[in-house]
1. So if we plug the beta-carbon distance of Lys85 and Val10 into 1/(1 + (r/R0)^6) with R0 = 35 Å, what FRET efficiency do we get, rounded to 0.05?
2. Using only Cα atoms, figure out Rg for the range 73-134 and give it as a multiple of 2.2 N^0.38 Å.
3. How fast does the chain diffuse by Stokes-Einstein, in µm²/s, taking the Kirkwood radius from C-alpha pairs at 4 °C and 1.567 mPa s?
4. Lysine pairs in the chain with Cα distance under 27 Å, only those 8 or more apart or on different chains: how many are there?
5. Of the chain, which part is the longest with no chymotrypsin sites (Phe, Trp or Tyr not before Pro) in a loop (DSSP not H, G, I, E, B) and with at most 13 other C-beta atoms within 10 angstrom?
6. Run lengths n ≥ 4 of DSSP H only: what is the helix-derived mean residue ellipticity at 222 nm for the chain, with -39500 (n - 2.57) per run over all residues, to the nearest 500?
7. If we count other beta carbons within 10 Å of each Cβ, what is the order of Leu107, Leu45, fewest first?
8. Among Met119, Met96, Met1, Met57, which comes first, second and so on when ranked by fewest other beta-carbon atoms within 10 Å?
Amino acid sequence: MKVLRVIDAVVHAIEDVVSIGTLAGIVGIAFSNVIARYVFKSGFLWADEVSQALLVMMGMFGCARAVRENGHTQFDLLQNKLKAKAARIGLRAIIMVITLAFLAFLLVNSSQYTAAGTMLSTVMRVPRMYYYASIPVGFVLCIYEYIRNVKSKVADDPVSEE
């Protein structure tokens, strides 16, 4: 189990570093581009393309990070209205299965979309597949985070029975 904890710590660190790094990159590029345009009357042609790729990456890694931190919206109201603990757990299990199936569907489709991305970017002439590669990686991380937290998201019952 120590190996799994190390792997989990590495995944957590990657999610944090990429989320923070991409946000810093977007802010830095936008700030530099504004200064270049309005002070030096010249901008960076590549700034929009790189910012777009960083934004997609930040969204995908941030999504996995939000799952880890339990920051996504949930169907708590509906679940908590059920009187029986078994019904609440059953409903959460159904929602978890639907969520994982939907993420798997998105993973397959985004992988196919990324693999087919042979079109080059406008300014930098880089294959768009490199820009889109973070999308399936983000879905893999989300699936990992949901599976990692399946016990706490399904079996642990925050509602006390009266």
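Taken together, the values in this text are just the output of simple stated rules run on the coordinates, not laboratory data. Source: prediction; values computed, not measured. Reconstructed Cβ throughout: ideal geometry from the backbone, glycine too, with neighbour counts over all protein chains shown.
1. Numbers: r = 36 Å, r/R0 = 1.02.
For R0 = 35 Å, the calculated efficiency reads 0.45.
2. Working: Rg = 19.4 Å, N = 62, 2.2 N^0.38 = 10.6 Å.
Dividing the Cα Rg of the range 73-134 by 2.2 N^0.38 Å gives 1.84.
3. Working: Rh = 18.3 Å.
Translational D for this selection: 71 µm²/s.
4. On the way: Lys2/Lys151; Lys2/Lys153; Lys81/Lys151; Lys81/Lys153; Lys83/Lys151; Lys83/Lys153; Lys85/Lys151; Lys85/Lys153.
Total qualifying Lys-Lys pairs in the chain comes to 8.
5. Details: sites that count: Phe40, Phe75.
No qualifying site falls inside 76-162, the longest such stretch.
6. Numbers: 6 runs with 116 residues, N = 162.
So the calculated ellipticity at 222 nm is -24500 deg cm²/dmol.
7. Numbers: Leu107 18, Leu45 11.
Ranking Leu107, Leu45 by Cβ neighbours within 10 Å, fewest first, gives Leu45, Leu107.
8. On the way: Met119 9, Met96 16, Met1 5, Met57 23.
If I rank by nearby Cβ atoms, fewest first, I get Met1, Met119, Met96, Met57.
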